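Just below is one structure, and these are the notes that go with it.
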Protein chains: 2
Amino acid sequence: MITLADVARRAGVSVSTASKALNDRRDVAESTRAKVRAAADDLSFVPNRVATSLLSGRTGTVGLITHDLEGRFSIPLLMGAEDAFGLNKVSVLLCDARGDRLREQYHLGVLMERRIDGLIVVGARTDTRSSLGQDLPVPVVYAYAPSDDPEDCSIVSDNVRAGALGVEHLLSAGRTRIAIIAGDRTYGAATERAQGAVARLAEAGLEPLGGQPVFGAWTEDWGRAGTHAVLARHSEVDGVLCGSDQIARGALDALRDAGREVPADVSVVGHDDWEILVTGSRPPLTSISMNLEDIGRLAARRLEEAMEGRPSHGVEAVVPRLVVRGSSVS
Amino acid sequence: MITLADVARRAGVSVSTASKALNDRRDVAESTRAKVRAAADDLSFVPNRVATSLLSGRTGTVGLITHDLEGRFSIPLLMGAEDAFGLNKVSVLLCDARGDRLREQYHLGVLMERRIDGLIVVGARTDTRSSLGQDLPVPVVYAYAPSDDPEDCSIVSDNVRAGALGVEHLLSAGRTRIAIIAGDRTYGAATERAQGAVARLAEAGLEPLGGQPVFGAWTEDWGRAGTHAVLARHSEVDGVLCGSDQIARGALDALRDAGREVPADVSVVGHDDWEILVTGSRPPLTSISMNLEDIGRLAARRLEEAMEGRPSHGVEAVVPRLVVRGSSVS
DNA sequence: CTGAAAGCGCTTACAG
DNA sequence: CTGAAAGCGCTTACAG
């Protein structure tokens, strides 16, 4: 490996002068700078950032510990973070903790040895998770799943708003007999989305068909079963708000089986805007995106601020976005 | 930040002795070692790996440049790599190149400055990609998309074998009138899978319905359209091998629309074994997995070997695996 | 068994 | 404008 000393030797200057020349510091003669640059080019010199890191105490790396096995959240978040940090400024050390607290601790230890400048922790579900504590030597931002310590900084999706957004869209499409087929009731994302939807219905003087949301599982199976049940008891249904895109896919199937036209007879709206599920359905599925990249970007920004000495505290929610496709309006 | 010097001072020994004590080297008195350990514990000493890296010339980091936007491949690959390397040995710097060669070059430059010990490059599709060249100072392994330089080491999925595997399964389910609804013909994955399927049919003295595979797109829409066309021209069809799970989802829909029972009348097999698509369908979809984690694991192993001075060359294919669900046999 | 010294590759005051 | 010296935090021969 070529070192700065090699470059200096070839340019006929001292190491310190070579350093200054390459780092665009003034008080170097232009002719000297040119000589050094030429030497560096000739030798294909690539500065060793490990040395700079040791010297400056900053590595320009950020740890990203994820619990999201399928990569549904991590990659968009990573993309958002890369955008926010800038490619040359910060590199991301990605660690997969697989929902395991021990594995998380282990990764945390390794990251501390590597002297990361900051840490983003991505949860597998939106529910609150236990804090890593306040005595870590670097700032931490929790993304997607907020920390249970209000002292921490957490960036989440506004699921209540997302539910309301779905209802608003159905109302604006002229729907008033709306069923809410929610997800797994043990998940905050399921109850919050349902809660936001119910509240927004109430504002309009309505309530969901059957008086309340029906909870089930995050599956197409449940989407089908739930929709069948709704059809049996409330055949007047003209709108279905589903807790996820998978549930919505099941709902579309069940409505088709029952001979209902979507969106002519019934409008269907999902949650998550998961590309693979929403584009292929008949018709394509209107859905509510959590804007995961925005969550990543905001998490990165808050982390950057904290690294610069201006930490944030508490939970900040990213506003979801409605993506209209053929399943809700014609 | 606590340094080894702090620990040494507190333990009343020299820095070198403290180093030896903590690194389990012999020629340290047990009593001294205990003293040093106690001091390190008291101070919550976390060794600075940046210093070690500078000294040893090895950082214990590996770059992973991915072009896979949705994270369909990267995360399983990362998991496989983490498994293979061992969590404490190697950390992964993940870079998202987004299919952009410039972005890739940029990330490559940053990774070189960070003195990674090795590099894995993950393609977005299985087609051959251009090599990063032979004059990189660290070993490179190409995963999923092979390099066009046979001198490089590439780990791919055996798509030909995958196609054959699908046909074998359909044959063993007693199917002989098999349609092949392939993916986008501009993708190697589409043509190779189809080719493997056709060859395996030929071995059994058969050919696909219509004489050859039909190509289209990687979408559910195409799966529906292709299947409708097959039903119109070859109503005797009793097996459908699809180029992807999305296509297979479309096929299931089309068969249901046409009143065909799956798997009683027709068996359907997909490719990729994409969890989100295969479990929710009616019935759940039999599919052929590329074993992405195995690709990641093998890529990591080959990279490790290369880092230890035993490089591999050429393309190595990971054998796919049939995952049987309700769409092919009852 | 212990510790002083050198050095990994760089940057940064500080003399000249 | 240039360069010798010190130092970032650690490990490793080498004396003692």
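The values are calculated or read from the model by the stated rules, or taken from the named source; none is laboratory data. On a predicted model such as this, the values are computed, not experimentally measured, just so you know. Because the Cβ atoms are built from the backbone with ideal geometry, glycine has one as well, and the counts that use them run over all protein chains shown. Please note that ligands, DNA and RNA were not included when accessible areas were found on the heavy atoms of the full protein model with its side chains. Shrake-Rupley method; radii C 1.70, N 1.55, O 1.52, S 1.80 Å.
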Note to self: Can you tell me which condition B:ALA8 does not meet? The list is (1) within 14 Å of another protein chain (Cβ to nearest Cβ); (2) open to solvent by less than 70 Å² (accessible area, probe 1.4 Å), and all the others hold.
What the structure shows: (1)
Checklist line | Residues of segment B:13-67 satisfying the condition of being within 30 Å of B:GLY123 (Cα to Cα) and within 12 Å of DNA strand D (Cβ to nearest atom) | finding: B:SER53, B:GLY57, B:ARG58
Note to self: So, in segment B:113-126, exactly how many residues are in a loop (DSSP other than H, G, I, E, B), away from chain A (no Cβ under 14 Å) and open to solvent by less than 40 Å² (accessible area, probe 1.4 Å)?
What the structure shows: 2
Check: Looking at this structure, is A:LEU64 of a type in the set (A, V, I, L, M) and away from DNA strand C (no atom under 11 Å from the Cβ)?
Finding: yes
Note to self: Going residue by residue through segment A:41-51, is there one that turns out to be within 30 Å of A:VAL156 (Cα to Cα), within 11 Å of chain B (Cβ to nearest Cβ) and open to solvent by less than 20 Å² (accessible area, probe 1.4 Å)?
What the structure shows: no
Notebook entry, point to check: Does segment B:70-89 contain any residue that is open to solvent by 10 Å² or more (accessible area, probe 1.4 Å), within 12 Å of DNA strand C (Cβ to nearest atom) and more than 9 Å from chain A (Cβ to nearest Cβ)?
Noted result: no
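Counting only residues that are more than 17 Å from the chain's Cα centre (by Cα) and away from chain B (no Cβ under 14 Å), give me the strands (runs of 3 or more DSSP E) lying completely in segment A:255-330 with at least 2 of them.
Details: elements: A:267-271, A:286-289, A:314-318, A:321-323.
The qualifying strands (runs of 3 or more DSSP E) are A:267-271.
Select, from A:THR32, A:THR61, A:THR17, A:THR3, the only residue that is open to solvent by less than 60 Å² (accessible area, probe 1.4 Å) and touching a residue at least 24 places away in the same chain (Cβ under 8 Å).
Working: A:THR32 fails: touching a residue at least 24 places away in the same chain (Cβ under 8 Å); A:THR17 fails: touching a residue at least 24 places away in the same chain (Cβ under 8 Å); A:THR3 fails: open to solvent by less than 60 Å² (accessible area, probe 1.4 Å).
Result: A:THR61 is the single residue among A:THR32, A:THR61, A:THR17, A:THR3 that is open to solvent by less than 60 Å² (accessible area, probe 1.4 Å) and touching a residue at least 24 places away in the same chain (Cβ under 8 Å).
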Next item on the list: Return a yes/no flag: does segment B:216-237 have any residue that is open to solvent by 10 Å² or more (accessible area, probe 1.4 Å), of a type in the set (Asp, Glu) and not in a helix (DSSP H, G or I).
Entry: yes
Checklist line | Failed item in (1) under 30 Å from A:ILE75 (Cβ atoms); (2) open to solvent by 50 Å² or more (accessible area, probe 1.4 Å), with A:ALA264 passing the rest | finding: (1)
Next item on the list: Filter segment A:267-296 down to residues that are open to solvent by 10 Å² or more (accessible area, probe 1.4 Å), out of contact with any Pro (no Cβ under 7 Å at 6 or more places or on another chain) and hydrophobic (A, V, I, L, M, F, W, C), then give me how many there are.
Entry: 2
